[in-house]
2 protein chains.
Amino acid sequence: MTESASTPASRGPGMPFRPADATVINTIRCLAADMVQTAGPSGRAHGACAGRAHALTRFLRANPSNPRWNGHACCLQYILLHLLGYDIALDDLKRYRQLDSKTPGHPESHMTPVVELIAGPLGQGIANAVGLAMAEAHLAATFNRPDAPKIVDHYTYVILGDGCLQEGVSAEAMSLAGHWKLGKLIELYDDNKIDGTTDLAFTENVCQRVEAFGWHTLSVPHGDAIDQSALVAALAEAHRVTDRPTLIKVTTTIGFGSSKAGTDKVHGSALGVDDVKRVKQQLGFDPGAAFVVSYTVRELYAAVRARGQEAEANWQRAFEEYKNKYLFLAADFERRAAGRLPDGIREKMPTFSTKDAPAATRKWSGQVLGILGDLIPDLMGGSADLTSSNRLPGDGQRARRVRRSHGMAAICNGLAAHGLVRPFAATFLNFITYAYPSVRLAALAHHRVIRARAPADETLALLRATPNLWVLRPADGNEVVGAYRAALNAPSIPVALILSRQAVPVLSGSSAESTGRGAYVLQDVGNPAVALVATGTEVALAIEAAALLDEFAPRTYHESVLTPGVPVVAVEALGTIGWRQYAHAVVGMRAFGTSRAPDAVYAKFGITKEAVAAKANEVIEYFKGKAVPNVFDRFE
Amino acid sequence: MTESASTPASRGPGMPFRPADATVINTIRCLAADMVQTAGPSGRAHGACAGRAHALTRFLRANPSNPRWNGHACCLQYILLHLLGYDIALDDLKRYRQLDSKTPGHPESHMTPVVELIAGPLGQGIANAVGLAMAEAHLAATFNRPDAPKIVDHYTYVILGDGCLQEGVSAEAMSLAGHWKLGKLIELYDDNKIDGTTDLAFTENVCQRVEAFGWHTLSVPHGDAIDQSALVAALAEAHRVTDRPTLIKVTTTIGFGSSKAGTDKVHGSALGVDDVKRVKQQLGFDPGAAFVVSYTVRELYAAVRARGQEAEANWQRAFEEYKNKYLFLAADFERRAAGRLPDGIREKMPTFSTKDAPAATRKWSGQVLGILGDLIPDLMGGSADLTSSNRLPGDGQRARRVRRSHGMAAICNGLAAHGLVRPFAATFLNFITYAYPSVRLAALAHHRVIRARAPADETLALLRATPNLWVLRPADGNEVVGAYRAALNAPSIPVALILSRQAVPVLSGSSAESTGRGAYVLQDVGNPAVALVATGTEVALAIEAAALLDEFAPRTYHESVLTPGVPVVAVEALGTIGWRQYAHAVVGMRAFGTSRAPDAVYAKFGITKEAVAAKANEVIEYFKGKAVPNVFDRFE
């Protein structure tokens, strides 16, 4: 569970144990059991987080009537969001895991608007939270001024378990959080025993490992106890230590109160009717009643809600005061919050002509990104192991060098979810497979992340097969400009730019404008005998091959791009999957690429202008006097 | 660099510093500089590992004249393999990174037969090594007997750097190595300062982190020193500690001796002619000569080679002695070493009839794997977070529960490379994206790994686009048997089985035999009006849809499976990419799947028998009186 809150005015262990706390915690436990039981056989009982989630509400400053102001979430989150008064009704809790309900089995922001981050597979949440905390630190450094109220000042909380820590992506992100000294990141580690006992596969000393990352750690031994003083005291201590992130290890029992407590049976399935009754009895609740929320609980959370509303009102006043002193900064803050780009970007983008020297598209990308970086202060990004290779601007402030592709991608998702920064990430395409789980989540969560990638292989098929992900493989400098323009103006989706390390010429007729349309005719001839289709570095090659043909031509979208009756030859120095639906012949790679010079690889796989021209002539010959199957003549 | 060696008879810091050692180390440094310089602008100078690689030869027992006996390798490995007398000539070193040379930029076992593991992207080598060490521990427990010579007894060495440790996959694998107490795994961590200085992005306390994993750690401060006493003493100490893996932190300078020493310029590019001369001068070598290997060096390594030959001869004698006592065990060892399966498996496989109850294909998979596990002692596998979900046999000895998908996949590659075990791995298909970098390496390295996977999405496009990877999605129990048979008999390639959690009936006409052919006609009719094509759980649905059609039929391979002139409707409850090359209409999912019940998801996306029948009728109507484009009428 990831939660953001403005810094509370006062905090500390001074808050005593209140009897209402017990009622709340047990209510959450019972609601969780009811939801899982109602959802069917394969739900997951997450009541174990009840204590931690409730303790956090002592520090929360969230205003449910304006979910955009703040509030991120995850597993127990539906119950908490309901209790806090967000737009999730008790009936939504009853529809847990039903198709198209607001409360799916894995939170999804497009189903539940108040959920800003998708929990996703294990380990992603931690890395997302590092992104949120990093965004806060960066924005605080950018906007806060000593002589004005702090307008950026919040903590990021994570509730996590063994499974999250076992996934490598969490190690990558936590190591970076330690390195960046993200002191306002607080993680509550749920040390329960899942999958039989975790000891079967997980015996490491978590606190020692996390301290090695440069973190501060605390332990709370009896995490299931109703008296939350120790937990609240630990949270208060974590808030005081601001030079390092804090991990609080909370020892708990999974399925607390159930006959299956401490076993993996609680993880993969509902407790069963009888066991749910047993849990309720043990907790002093009516075993016959389900989905019960008492007035005690409602009142306690109404107070949390009121505090959140007051906090937002205070922030609005503070922002007005800030705005009087720092007009331009405040305007930039408001522009970012509204999701607008600064004015005048389009005019400042370069255009390239055929007289310009050939260059690698990643070099043009570096140039464009450099200009964009000056114009758009929200751009913030990282590069995995290739600052020099990927030609990123050398702005140490915003372009961080990170060798952990997966952690970086997941952190970018957190940055994007924060809303006031626009993340980009660069790596070698091969490494995108390290990062893909996070790329997929970005697509699912509609995160606005630009990913610039260097050379390539079968991974492209995966990217193209991913819903909500735009994949652009520009052919020259103008198309690079067009690709960035499309990426910046894209609705909330991640965009992948596939860039080359080989130099390619600027192409006559290439267009930043048309690039955003997905496909266009670069070289038109009268009456085509064959259409050559290509992307990226192979476009220049296709044009050279065309010059070697007796007759040639593509013409006018869809059928205007690919004329029916004209055989199509696709050229892409990558895997051939996916192209056969558009083409009658595909020139590409039918085995893994190699780490040798591109020219030699291209020659090996027959990706040369001569080979393409020869193939095109053979295709023309093959279809002479025959009907050319119309690739678009499909029913769907 | 991963090296295996039998346990040396004697070891310890007692081995004094020899002047020849300096000559060897400096020769390796100069050869590395020469190779990178010859290869062109973007090579990598890995001379920094020279000291560690040479120190290891004191412990090596490898026989170059029989590379199958032992000897794994990586970055500096070509030089070492050359010096040790493996089939890599000085001329091969000169052809470093040239197309189709024996010495590509990233080692590949199919290019260089003596290289048994592909280094691959960062972090993979460590996890592979954990697999090698795990195979050794498992085989030692299986074969060694107190009253006979040890026939399995070797160490696994890894040379690694900061980049390897930053990738999460190494954390996953190292945590498991600590958990499994793999005491014969020794890692030499090269603490140099890469990418500017590593401090820019990597400040964690590596030894503390690794100790948290349950490892033993040692430090050698002056790793570049020519006097290797400290390094050799640390290695000896690491050999003595056999209850935990050991990490030896060796502090070094990247590009030692170069004017670029300690900068990231050494990582991404050659030193340049002048700097190579400078390095040679500093090391007391002739700056005008390249690729020089003196007699001193040749003689020292001849002794290592002789020791390896003697070690193999000793092992052969020991094995004969062992065989006299343990005939059956020895026969099983020899069978495994020859890569043969035990006899009589085919006869013991179950067949299923339409009278059998419907079941999830993952349930049949569990049943088949259970039988195979009893018949094939070499089978060894793990499951990520789904022992109960994935229906694996509950053999605690061989089926390990591991929640780290990527680490698990990479460890399986190490297990497969060891040669005497046949690894399988199971996880949810979604998690395969966590593990994909290792799956890809398995395909590249031709590792024999079976991966059983549960429910699915666009990831399938990636798997199908991966060269050398077989993807099988069985439709019922008989096809599950067929899929395992195909996987076990596959040439050295990884196989992915995509299994369902939904129950499906046993299909009339389903065949274990035909499953291995990739596609077959399940239900034949006279004169087809439309062909329904499906995989996995959608086959039963397609057959039901066929019964709703007035006329129906698929017929006889390639065109015999898909008759020209008959429109094709493909049904797969997954992404539609890739199917359009075979089909005139595709029924599938055009957005991300959800975590809800399959029935509800299928209804949402129109994947029901009624919807498929309706679509088929519409397709027939659409093509009535029109030519149906022949999807196979392509030139290629």
Region B:390-427, subset touching a Lys or Arg at 6+ places or on another chain (Cβ under 7 Å) and modelled with pLDDT under 50, residue nearest to B:Gln166 (Cα to Cα): B:Asn390
Would you confirm whether or not region B:318-341 contains a residue that is within 30 Å of B:Ala503 (Cα to Cα) and assigned to a helix (DSSP H, G or I)? no
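Could you check region B:461-483 and list, in sequence order, the residues that are under 19 Å from the mean Cα position of the chain (by Cα) and part of a helix (DSSP H, G or I)?
Restricting attention to region B:461-483, the residues satisfying the condition of being under 19 Å from the mean Cα position of the chain (by Cα) are B:462-472.
Once the filter is applied, which keeps residues that are under 19 Å from the mean Cα position of the chain (by Cα) and part of a helix (DSSP H, G or I), region B:461-483 yields B:Leu462, B:Leu463, B:Arg464, B:Ala465.
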Which one is nearest to the chain's Cα centre (by Cα), of the residues in region A:303-354 that are crowded, with 16+ Cβ neighbours inside 10 Å and aliphatic (A, V, I, L, M)? A:Leu341
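Which residues, taken from region B:208-217, are crowded, with 19+ Cβ neighbours inside 10 Å and farther than 12 Å from A:Thr203 by Cα?
Within region B:208-217, the first condition is being crowded, with 19+ Cβ neighbours inside 10 Å, and the residues that meet it are B:209-217.
If the condition is that a residue be crowded, with 19+ Cβ neighbours inside 10 Å and farther than 12 Å from A:Thr203 by Cα, then B:Arg209, B:Val210, B:His216, B:Thr217 are the ones that fit.
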Scanning region B:571-616 for residues that are within 32 Å of the chain's Cα centre (by Cα) and aliphatic (A, V, I, L, M), the one modelled with the highest pLDDT turns out to be B:Val571
B:Ala141 aliphatic (A, V, I, L, M), under 19 Å from the mean Cα position of the chain (by Cα) and either away from chain A (no Cβ under 14 Å) or part of a helix (DSSP H, G or I) (or both): no
Might you let me know whether region A:506-526 holds any residue that is closer than 30 Å to A:Leu415 by Cβ and of a type in the set (A, V, I, L, M)? yes
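Taking region B:503-526 as the region of interest, how many residues are of a type in the set (S, T, N, Q) and either buried (at least 19 other Cβ atoms within 10 Å of the Cβ) or in contact with a strand residue (DSSP E or B) (Cβ under 6 Å, 6 or more places away or on another chain) (or both)? Explain how you work it out, then say what you get.
We begin by selecting, within region B:503-526, every residue of a type in the set (S, T, N, Q); these are B:508, B:510-511, B:514-515, B:523.
So of that shortlist, the ones also either buried (at least 19 other Cβ atoms within 10 Å of the Cβ) or in contact with a strand residue (DSSP E or B) (Cβ under 6 Å, 6 or more places away or on another chain) (or both) come out as B:510, B:515.
Total meeting the criteria: 2.
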Condition first: of a type in the set (A, V, I, L, M, F, W, C) and farther than 16 Å from A:Asn26 by Cα. Now tell me which residues in region A:272-326 satisfy that. A:Val273, A:Ala302, A:Ala303, A:Val304, A:Ala306, A:Ala311, A:Ala313, A:Trp315, A:Ala318, A:Phe319
Condition check for A:Leu235: at pLDDT below 85 and surrounded by 14 or more Cβ atoms within 10 Å (Cβ to Cβ): no
Residue check: is B:Ala89 surrounded by fewer than 24 Cβ atoms within 10 Å (Cβ to Cβ) and either modelled with pLDDT under 75 or assigned by the TED database to the domain that holds B:Val297 (or both)? yes
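The values are calculated or read from the model by the stated rules, or taken from the named source; none is laboratory data. Note that the structure is a prediction, hence the values are computed from the model and not measured. FYI the Cβ positions are ideal-geometry reconstructions off the backbone, even for glycines, and counts take in every protein chain you see.
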